[in-house]
Every structure is written in structure tokens, then in C-alpha cells.
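Here's the structure, in C-alpha cells; my notes come after.
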Amino acid sequence: MGWILPEGFSTFAGDIDFLYYVVLVVTGIAFVIVELGIVIFLFKYRHRPGQKAHYTHGNNTAEVIWTAIPAVTVVVLGLMSGGLWAEIKGHESAPAGSIPYAVDGRQFEWNVTYAGLDGQLGTGDDFVVRNQLHVPVNQPVVLQLSAEDVIHSFFVPAFRVKQDAVPGMTIPVWFEATQTGEYEIACAELCGLGHYRMRAMVTVHTAEDFQQWVADQSAD
Amino acid sequence: MTSAMAPPANREIGSDVYNEKLGMWVFLGSEVMFFTALIGSYIILRFASPEAFAAPGNVLNIPVTAVNTFLLICSSVTMVKAFAAVQDGDQRGLRMYLVATCAIGATFVGVQVFEYNQLVHHGFVPSGYVAASEYAAQAGTPGWPESVGVYSSSFYTMTGFHGFHVSMGVLCMSFVTWKAFRGKYTQTDHRGVEVIGLYWHFVDLVWIILFTIVYLM
Amino acid sequence: MRGFVLAATMVAFMACGGGDGGDGGESGTAAAAAAAPLGNGSITGVIHFEGMAPSNPTIDMAEEAECAEKHMGQPIDPVVTVTDGMLANVFIRVTGGLPAGPYPMPSQPARIDQDGCLYHPRVLGVMVGQDLEITNSDPLLHNIKAVPTENRPFNISQPTDGMTTTRTFNTPEIMVPLECNVHGWMNAYIGVVEHPYFAVSGADGAFNIAGLPDGTYQIEAWHETLGTQTGEVTITGGAGSIEFTFSGA
Amino acid sequence: MATSALPHADAHGHEHDLSFIRKYIFSTDHKIIGIQFLLLSLIGLFIGGLLAITLRWQLGFPGEAIPGGGILPETMAPGGILLPEFYNSLVTMHGTFMVFFAIMPLLVGVFGNYLIPLKIGAPDMAFPRLNMWSFWIALPATVLMISGFFMAGGHAAAGWTAYAPLSANPEWTGVSGGQKVWLLSIAILGMSSILGATNYITTVVNLRAPGMTWFRLPLSIWALFLTSILVLLAIPILSGAAIMLYFDQTIGTHFFDALDGGQPLLWQHLFWYFGHPEVYILILPAMGFVSDIISNNSRKPVFGYHSMIFAMLAIMGLGWIVWGHHMFQSGMNPALGTTFMVSTLLIAVPSAIKTFNWMGTMWRGNIRLNVPMLNAVAFVAMFVIGGLSGVFMAVTPVDIYIHDTYFIVAHIHYVLFGGSLFALFAAITFWYPKMFGRMMNSMIGKVHFWLTFLFYNLTFWPMHNLGIGGHMRRIYDPSEYEFLQPLQGMNTFITISAILLLTTQMLFALNFIMSWFNGEKASDNPWKDNGVEWTTPSPPPHGNFPTVPIVYRGPYEFSSPLVEEDFLPQTRKLEGDQEPGAAQNEGDR
């Protein structure tokens, strides 16, 4: 609630949240200065009979100051963000050894293809589970995201993961969950009348439980 | 800007360019962006799936279109001639060259309709090959894509909209020609001729770009 | 001149709007409903199944608790339903031998229900212009997407329990598939026929087509995976019968 | 040239002969056309508002029947309960109406038309007949867009951004006629905008009164001029894209169809290449009006007039290279993300310049808090919030989380409602006396302002918090998600505020209509402004000015030490003022 982000449960959630709070503080300061300034000016310089306004067309020093400060601020923000963005979204940025999955969005469900016991996609022991993504804790996973019909967006709020799934494209998405439990997956891009119901679950297991789960599924 | 043109004696302080001409230049700016959208899309689609684009000369009939291109360039020449004529006060020349420009423009559109007709006949329509058509039979042989969906889409959209622009140009040009026959343009005031000329040259220029990237590359 | 152009433009817009708008399906209905039954004979029959019935796929309903709890054990997708050698969900209709219309409209609308995230029935017939009532008995969203080739497609949703929507089809079509995009496993098939002489085999494989005069009729039986068979039946003295046999792989 | 010495002469010479139809319906007078656009776009605004509270109802009270919703047909809301497909149509059409049929025509169609000739001292537009056409093309486009609601399958439901392939194939939405009508209407409306922009640009360049040099133009005119350039260059991109999508639906082309080699992202690139300039089309004129109004009511020259212009130029330029920031999560090459982030963040700079200059204008002023000023100051205060919330989205890693959530919904409404719409309330109140010769009621105006300001913030501020809670946009029923269930109370609160906000607007409608007939008669210059438009009667006659205005100075000479009064009109000649240079005015009579 309020301006505090809900708790994040992936390795990069903390970094994203930190940046968010930096932006919140910076914009918060600007917000207070401007809004307070406006209110003060409205009171202090309100119309009084017989008074004439100060006649000036501006001040170059002032212009330079209020051009430079925002410029420097945004450049710093840009520098702080660029690295993290590449780390999360770069097509080659998934850590080595990530467990592969394929996630396919279609109206209105997420079909998750698991690599099975051999840990390889595209082999005979792959299996598909509807609307359920099971991952081990503290282990990076990489999802090959695709869409069958229209554009969907794979959104796991708790992991700070969001990526559009586009027909005709396969886009890698990686994350590493840091706590076991169940988290919701949502669709964040309008995809038709069932958009609001395109809900799935991520279940984060301990490493042993995950092995067991995969084995159980493969046995079926 | 030639002052012999004697644009209307604006009491405003604006540019030396009279309203109609400035307006046409501004409007052409908008047209540039319109064709940028179409041509840009063509380039993006072609880079994304080069395999869907036929080798030059395989699907499209280059000789016919080359002749048509030459015709359109000729019409730009006659347009220039018409403008030069009215500047010289040569009313007969003005009318003759305007009629020629209209005629060549209409011929261009006619040839384009013929070209479309042929393509449809051979089995190339906006959605791609027509099943079991002559062209579909060659799909997959060298220089003939398996599927031409995006190629045909952008071909028909781009050339179609160009053809639409030429047609509009011919219509407006006919109106100008009609006014020329009624003696509405003089050596000192012939704004209509100049303005339609700007449009005409623009459409011609667009065609040269289209011809190059769609037919020859 | 200018007025004319504007008027023409407006007319063009209206025409454009009108062309796409409106269901327009109701007109033929009234005349057909008034028609008297053609006769009082009927065709009865059964559908046999021989060989090994293919096993039906199971459905993963884990993420739809409200539906899963309506099923005992693992829900299955009833593609081929065989009971004691009898095949259900076969769509049977008269294809030839009928006198000229008009044909009487069934007095009741056709009904299809979505219950436990499955269509009930899975196969049904409607007459051209007959109302089809689609009901949702699940407390969750279903959408009903009809993907016909001859009729106008539709894609409607029913977000709440008990919702009912009515649609009609205007052109004969065998068969119009229904699907639900929220639940990819949900399928149903609707036979749209220009007359009311059709039936769907029940769990016991039996069917009955009533209201026909004596005569000889061509019959077609359709199954979603097992294909189509044709036959001929003669009604004499108000009764005729026919049997079909489908076989497994 | 005697025959065409004054290109406007034939258009205006015989006004008394004009029939009612030529004078008020098929009028070529820019003032009438401006008022026509005003009425049309206020209707659009009202439709947009109705759609908004209808869709808000479902979010505030999911699955409950709308009071009085029984009148809606079964295909939209059986028993008054909205269907998801109708909800998607509502979302789509709310955006469409507000952007294309309300804010944009209000800013550009209404005030571009009304103010440009009056403020530059011209008798009319450069092409009065073309101007008439631009309205008579916009009207059928509006009617066509409305007709989509009555189509089988419902109105377009793929969002106002019409992302392909959802919008490209009726199979995905069940909407076929509605989406086609949407595309046609947008393409037709585009023609109207392009004609208008061509006219505005030519008029500003060519028809300025003697002495009205570029740097004596009011900022409102600068803003409208730059906006027209954006319209001129951006709208054809949308038209092109809309036509391609229309062909995908009708003649089977495959531009956006991934199954056949098309590129779904191509639509997004085209749409946002248009769309981001469009965002500035929707805010630049507002900035211009507010600059005029704040200066007038602070009785003080605009602080940093030149930096204001350069800031607008910078915004206009940057507007063309930031479209990718709408597509950070779209699957666009992530390497481009950083580039677009930097260009996007840079927009904060000119925006900050403008904000501080408005504050500088108020600083040490003599501020009159009348209705236009209240609304104009609210513009600054709210635009700042919209600008600052933009920084969150510009920072790409943060955008991963808040993209496509209510945070962006809050952002867009702080810019477009808090920004543009407050500026429009200010501008309508400010120029109403010139348009109709009567003042709007100031008491109702103040009540309307304060209630709007209150309910507006109660409606949109909590949307930031929804977004931070992860609440996705455009979802029909948030209660489907466990993590959104705690936010339901906030959704209900927002819905109630939104209903009150719309209700409050009835005050504005009332004031607008009543003042037209009963308002206090306005003098020529009720606000004691310097602009050229205030030297002519209210409302101005056909042809605008009895004699050609001659301009001696900039538009913001308030509280000048040269004169006793606190304003100094642009056309008032003081001792020592030079006549405008002869070189500039060869043709001057």
C-alpha cells in the first residue's frame, strides 16, 4: 500500500526496488519544491490594490541553474539504470546453468513446457503443464517466451518480472527466486475478453522438492 | 522567388512565398511522412524476412514498369514545360503541355491497372499467391519465395497508394487544365499551375524511389 | 455540389455501417414456425461401435478448482464415448428425400450448458433460425467462440454463474465448432440444418427423428473423429429404422 | 494584382448576403469553425467521461449490475452486468474519444482555429475553405466512430493503441465491424487534422500582422504552431499504419500477421512513432495557453520567454526519438532500451525549464486568482506530478515492474486530465468572452474548479498506489488475483470519486450554456490583456479587425514602467515606437 513496493522475491528485485526508491526520493524532492513554491507564491504575491508586479523578463543565471540541475540528475539516473537493465533484459544475460523452460501464451492460458529429467528442452521427456510454473529456489531459470495468437505479457509481480510474449518471436526471460512459496503470474497486455483471467501460478520449491516434483510428473 | 510573379500583395509580414505554394510545400511534408510509413514498413519487413521477397523480375514485370516510369518522368518534363510556357505568356503552350501531362498521368494509371490485372491473373494478389495459380506453381524454385505474404502486402499497398496519388493528381490537373482553357492563368498570376506542378513532381519523385526499391532491388 | 458530396459521403458511411451491422437472422423464422408438420412417421436407430475404443485424453483442471470439484477423479475429455458397444454423440440428419419446405420450427430453443468446464451436450443440432441458448453453470468465466465457415462467427463471454445468451445461425453448416479460450480443452459441435429432421445419439447409441411422412430418405451420420457415414431408410406405416456402425482404429 | 490583392476579400466581402447555412453551418469563418469544433469536442468529452465511469463501475463493484444499466443491450451488459468484451470496448473507446475526439480537437481544432488569426492580427486563415472542410471531415469521422457501438460484435476492443495482432483478426476479439470502423474513422479524422495543420502553419508563417515578428508571437501561438508541425508529420504515420491494419482485415494482407511473415511489433513502432509526438500534440498547446493566462493574471511578463520557446522546440524535437519508451517490455531489442531511456529522461529538462519559468512568472507578481488563473495554476501543479511520475517509467528497470500497471494510467491522466484538461478549462473560461461576447459565471466557475480539483485528485492519485501494488491495466475483474484483492477498497473509492468528478462537470456544462444566453456582457478586453485579439469587439466581426492591427511589442508587457496601467497592448503605439520595418511589409497598404 501507499508508496512502498510489495516485497520482492527474486535476486534482482532488490536492485529494482532500490532504483525505485531513488527515483521516489528525487521526484519527491522536486514535487515538494514545486508544489510548495506554487502555494507560497499564490499567497505571497496575491493581488493587492495599488500594487504593481515586478517587471522582469527573466534571468539567465536562473535559466542555466534550472536547466543544469535536472540535466545532471537525469544523466545520473540513466547511468545508474543502464547496467541493471542489461543484466535483467539482455538476450545473453541469463546466468550459465539456468534451467530451461518454454512458456507459451495463448488465449487465455500459459502453457509451460518443462525440460524433464534430462534438463534439455526439445527432447522426448519434455512435458507440458497448463498454468503452472514450478521452479527450484536459489537457482536461475530461463523461460523461452512465445505466444501463439496475440500479444500477451508475462508478469510475475513478486519477482519484478515482466516481458511481452509476441507471436513469431521467442524472447528469453530469466530470474532466480529467493524464497519458496506460491506466487501469481498475470497477463499484463490486453489480449482479449479473457485477459483478466489469464492467471497462473509459480511454485517455488526447495531443490529436493523440485526434483521430486519433476520426477512425479515425468512418471505420469 | 521571382518578384515578376507578383504574389498577392499581402499586407502581412510573412514569407515571400505566397499562401498556396507554402501550403502545398507544407502539405507535401505530410505526404513525405505518409510514404515514409509505407516505405519504412517495407524496409523493416524485408529485413526481417528477406526470404519472402522474390528476386527482381520474377514476379513483377520490370520492362512494362520501366516504360511506365519513363512515361511518368516525361510527364514531369511536360509539367515543367507548361510552367515555362505560362511564365512566357504562351497560352497555347500552357494548354498543350497541361493536356499532355494529364494524358501521360492517366496513361500511367492505366498501365498500372493493366499490371495489376496481369499479376492477379498470374496468381499474385495482396494476400500472397493464389492457390494453384501459375505463380504458386513456381513457389520454392530459386528466386521464387515459398510464401510472399508480406511482399504482396507491401507491394500492393505502396504502389496502390502511389497510383491513388497519381489519380488524384490527374483529377486536379484536369481542373487546372480546364481553367487554363478558360484563360484563368496569366503571365503574372499562375499560382494554380505552379502548385499542381509541385505536387506532380513530388509524386514523380516518390515513384522513382518506389520503382527502385520495389522493382529493382 | 458540396452538399451533394457530403450527402453521398454520409450515405456511404450509413451503407458501410449497415452492411456490418445487425443480426438479420430473425426474418425467416416466423414463416417457418407457422408451417405444419410434414407427417407423423419417425426414424429410429442405433449407432454401434466395434473394435477398441480409443482412450480419451485426461484434462488438467488443477487451476480451475470450481470445475475440478464437479468431477469425480480425473476429468476426461469425452471425445469417443462408447457404452456397451454403443456410440454416443453422433449427429444424424436427413440429407435427401424430403418434400419441399417450409419445415416446422422446433417449439423449444436448442440448449447448451457449460458445466464443470465441459460442454453439455458435446454435440447438438439446431435448425436454421432456431434459437440456441447458451448457459454458464460454472462460477467462472467462459467464452464461447464459434468458428464456422459459412455462418457469422461470434466470440462472446459469460463471466458469471447462470448467465444465458441466445444466438442463431442463418446458414446450414455441418458442423460449427465451439471452443472456449479460457479452457482450451472445451469443444462442442453444432450441426446447423435447414430442417428439423436431425438427432444426436444418446449414451445408449439410440436416436429418433420424428415428424416425417412415409417415404425413402438419405441419412448421414457424423462423428467428430470417426468420420461420416451415409445410409438410406424407408418409412412405411409411420416407422422406419437404420443402424450405423463406426469402428475404432 | 488588383483581382487578388486580398485573397480574403472575396470570402468576406459579402457577409451580409450569406444565408444562415453559409454563415453558421458551412461557414468559412475561422471563429465559427472554432466554435463548431468546440461543441463537437465537448460532446466527445462527455461521451469519453460516460464511458469512463461505466468501466469504472465494473472495477469498483465487480460483477454488480450498473444502476440503470438494464437499458444496455444484452450484448453489452445483460441485466446491467458488464461483459468482459464490452468492458474492453469501453476501455478502448474511452481512450479513443478522449484522445482523438476530445482533447486533441479541443486544443488544436478549437483554439488553433479561434486564436491563430485573432492573435496574429489576420482576418482569417490562409485557406478558409480548406478550414471548413477540416471540420466537415471531422464530423463524419465522429459520427462514424459513434456508429461502431451499434455494430454486431460490438465496438473495437483492442485498446486505443489497437495493438496487432489482437486488432488485426476478428477471431481474437469477436469484433469485426467495430474495429474496421475504428480504423476508418481514425484515418478520416487524420485527413481533417492534416488539412488543419497545413492551414495553421501557412497562416502563422504568412499572415502575421505588420510588426508581429516571430519573437513577438504569444507563446500560445508558438505552441499551436509547433503542435501543427507535429500534427502534420505524425498523423500521416498513423494514417498509414491504420490503412495497413485495415488492409490486413479486409483484403488479407499480412503486415502484422506473424503466421505469414508479418511483424506484430511493426504496428507498435508505427503507432508510437506517431504516438509520442501525439502526446506532445496533447500537451504543447496547453502549455501555451497556460503561459498566456499565468502571465496575464500575474500581471507580469512571462519569465524567460525565449527559453520557453526553446524548451518547446526541444520537446518537439525529442518527441521524435523517444517512441521506444512505450515498448521497453515489448520484445524490442533490449540494447535499444538504454538509448530510449536516455532520450526519454532528457525530456525532463525542457519540462523542468517550463515549470520553473511558470513559477518565475508568478514570482513577485500581482496575482489575480480568477477562474482561468486557478485552472492554469492547477495545470502547472498537476502537470508536474505527471512529469515526475514519468521519470519512474523512463528508468527502464523500474519500468519492468510498473509497465502496463495503473501507475501508467495515473501518469497519463495527470498529464492529460490534470494537464491538458485543466488548461482547457482555463482557456475556455479565458477566451469565452471573446468567443461569445459574454463572461462565464465566476462563482460557478470557482465551485466547479475546486470540486474538480478535489475529485480529480481523489480519483487519480490512488491509481499510483494501485500501480505500485502491481495492479495491471485493462483488467475486467481485479478480484481474480489474490495479490490484488487487498486493493479492492481503493478501486471502489476511485470509482466513487470518478462518478463525483463526472457529476461535477455538469456545473461546467451548465455554466457554459447559461452564460451563452445570460452571461454578463463582456467588454472588448475584460482581462486587461495585451494580445491583439482583445483590440477587436467581443465577439469579433467577420474579418476580425476593422483596421489592420500594427504590432509594436511582445505580448507580455504587463506592469511595464513605461505606462501607468499594468498592461501595455501589443498594438498600442507609444512615443518612440518605430513603425514596423518597410522591408518586412512590401505589400502593406
Test: residue in region D:212-232 that is under 30 Å from D:LEU55 (Cβ atoms) and within 14 Å of chain C (Cβ to nearest Cβ): no
Sole exception among (1) facing chain A (nearest Cβ under 7 Å); (2) assigned to a helix (DSSP H, G or I); (3) in contact (Cβ under 8 Å) with a residue 24 or more places away in the chain; (4) not polar (S, T, N, Q) for D:VAL342, by number: (3)
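Within 14 Å of chain D (Cβ to nearest Cβ), surrounded by fewer than 23 Cβ atoms within 10 Å (Cβ to Cβ) and polar (S, T, N, Q): which single residue out of A:SER146, A:SER153 fits that description?
A:SER146
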Yes/no for D:THR452 being more than 14 Å from every other protein chain (Cβ to nearest Cβ), in contact with a Phe, Trp or Tyr (Cβ under 9 Å, 6 or more places away or on another chain) and free of Cβ contacts under 8 Å to residues at least 12 places away in the same chain: no
Residue check for B:SER174: in contact with a Cys (Cβ under 7 Å, 6 or more places away or on another chain), at negative phi and surrounded by fewer than 23 Cβ atoms within 10 Å (Cβ to Cβ): yes
Odd one out for A:HIS91 among (1) under 29 Å from D:PRO334 (Cα atoms); (2) surrounded by 12 or more Cβ atoms within 10 Å (Cβ to Cβ); (3) at the interface with chain D (Cβ under 7 Å from one of its Cβ atoms): (2)
A:PRO6, sole failed condition from (1) out of contact with any strand residue (DSSP E or B) (no Cβ under 7 Å at 6 or more places or on another chain); (2) facing chain D (nearest Cβ under 9 Å); (3) of a type outside the set (Phe, Trp, Tyr); (4) outside any loop (DSSP other than H, G, I, E, B): (4)
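Per-residue answers, yes or no, for (1) of a type in the set (Val, Ile, Thr); (2) touching a residue at least 24 places away in the same chain (Cβ under 8 Å); (3) part of a strand (DSSP E or B):
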{"site": "A:LEU117", "(1), (2), (3)": "no, yes, no"}
{"site": "A:THR123", "(1), (2), (3)": "yes, no, no"}
{"site": "A:ALA158", "(1), (2), (3)": "no, yes, no"}
{"site": "A:GLU189", "(1), (2), (3)": "no, yes, no"}
{"site": "A:VAL214", "(1), (2), (3)": "yes, yes, no"}
Residue match in region D:46-68 (condition: among the β-branched types (Val, Ile, Thr), free of Cβ contacts under 8 Å to residues at least 24 places away in the same chain and farther than 30 Å from D:PRO539 by Cβ): yes
Residues located in region D:322-340, provided they are touching a Ser or Thr at 6+ places or on another chain (Cβ under 7 Å) and farther than 21 Å from A:PRO172 by Cα: D:VAL322
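Each row is one residue, and each column tells you yes or no for (1) under 27 Å from D:ASN296 (Cβ atoms); (2) assigned by TED's automatic domain parsing to the domain that holds A:THR203; (3) under 31 Å from the mean Cα position of the chain (by Cα).
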{"residue": "A:GLY2", "(1), (2), (3)": "no, no, yes"}
{"residue": "A:PRO6", "(1), (2), (3)": "no, no, yes"}
{"residue": "A:VAL26", "(1), (2), (3)": "no, no, yes"}
{"residue": "A:GLU35", "(1), (2), (3)": "yes, no, yes"}
{"residue": "A:GLU63", "(1), (2), (3)": "yes, no, no"}
{"residue": "A:ILE69", "(1), (2), (3)": "no, no, yes"}
Yes/no for D:PHE483 being more than 8 Å from chain A (Cβ to nearest Cβ) and either in a helix (DSSP H, G or I) or buried (at least 22 other Cβ atoms within 10 Å of the Cβ) (or both): no
Filtered residues of region B:170-217 (kept if closer than 30 Å to B:PHE53 by Cα, part of a helix (DSSP H, G or I) and out of contact with any Ser or Thr (no Cβ under 8 Å at 6 or more places or on another chain)): B:PHE202, B:VAL203, B:LEU205, B:VAL206, B:ILE209, B:THR212, B:ILE213, B:LEU216
Subset of region D:307-338 (residues that are free of Cβ contacts under 8 Å to residues at least 60 places away in the same chain, within 14 Å of D:ASP399 (Cβ to Cβ) and hydroxyl-bearing (Ser, Thr, Tyr)): D:THR338
So A:TYR114, is it away from chain C (no Cβ under 14 Å) and within 30 Å of D:GLU171 (Cα to Cα): no
Single match in D:ALA138, D:ALA197, D:ALA168, D:ALA152 (criterion: surrounded by 24 or more Cβ atoms within 10 Å (Cβ to Cβ) and part of a loop (DSSP other than H, G, I, E, B)): D:ALA168
Some residue of region C:120-131 being surrounded by 16 or more Cβ atoms within 10 Å (Cβ to Cβ), over 15 Å from the mean Cα position of the chain (by Cα) and within 29 Å of C:HIS48 (Cβ to Cβ): no
Tally of residues being farther than 16 Å from D:VAL181 by Cβ, more than 9 Å from every other protein chain (Cβ to nearest Cβ) and more than 27 Å from the chain's Cα centre (by Cα) across region D:250-268: 1
Yes/no for D:PHE247 being more than 14 Å from chain A (Cβ to nearest Cβ), of a type in the set (Phe, Trp, Tyr) and free of Cβ contacts under 8 Å to residues at least 12 places away in the same chain: yes
Qualifying residue in region A:169-177 (condition: at the interface with another protein chain (Cβ under 7 Å from one of its Cβ atoms) and buried (at least 24 other Cβ atoms within 10 Å of the Cβ)): no
The lone exception for B:TYR97 - which of (1) surrounded by fewer than 17 Cβ atoms within 10 Å (Cβ to Cβ); (2) modelled with pLDDT of 95 or more it fails: (1)
Any hit, region D:275-286, residues being closer than 15 Å to D:THR355 by Cα and within 14 Å of chain A (Cβ to nearest Cβ): no
Matching residues, region B:55-94, being surrounded by 14 or more Cβ atoms within 10 Å (Cβ to Cβ), in contact (Cβ under 8 Å) with a residue 60 or more places away in the chain and farther than 19 Å from B:ILE209 by Cβ: B:ASN58, B:VAL59, B:VAL80, B:ALA82, B:PHE83, B:VAL86, B:GLN87, B:GLN91, B:LEU94
Failed item in (1) crowded, with 24+ Cβ neighbours inside 10 Å; (2) closer than 19 Å to A:GLY37 by Cα, with D:PHE274 passing the rest: (2)
Filtered residue count, region C:192-231, keeping only those that are touching a residue at least 40 places away in the same chain (Cβ under 8 Å) and over 21 Å from C:SER55 (Cα atoms): 26
Every residue from region D:504-550 that is among the aromatic types (Phe, Trp, Tyr), more than 24 Å from D:ILE367 (Cβ to Cβ) and buried (at least 20 other Cβ atoms within 10 Å of the Cβ): D:PHE512, D:PHE545
Within region D:189-208, considering residues that are more than 9 Å from every other protein chain (Cβ to nearest Cβ) and among the hydrophobic types (A, V, I, L, M, F, W, C), the one farthest from C:ASN155 (Cα to Cα): D:MET191
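The values are calculated or read from the model by the stated rules, or taken from the named source; none is laboratory data. Fair warning: this is a prediction, and the values are worked out from it, not measured in the lab. Backbone-built Cβ (ideal geometry, glycine too); neighbour counts: all protein chains shown.
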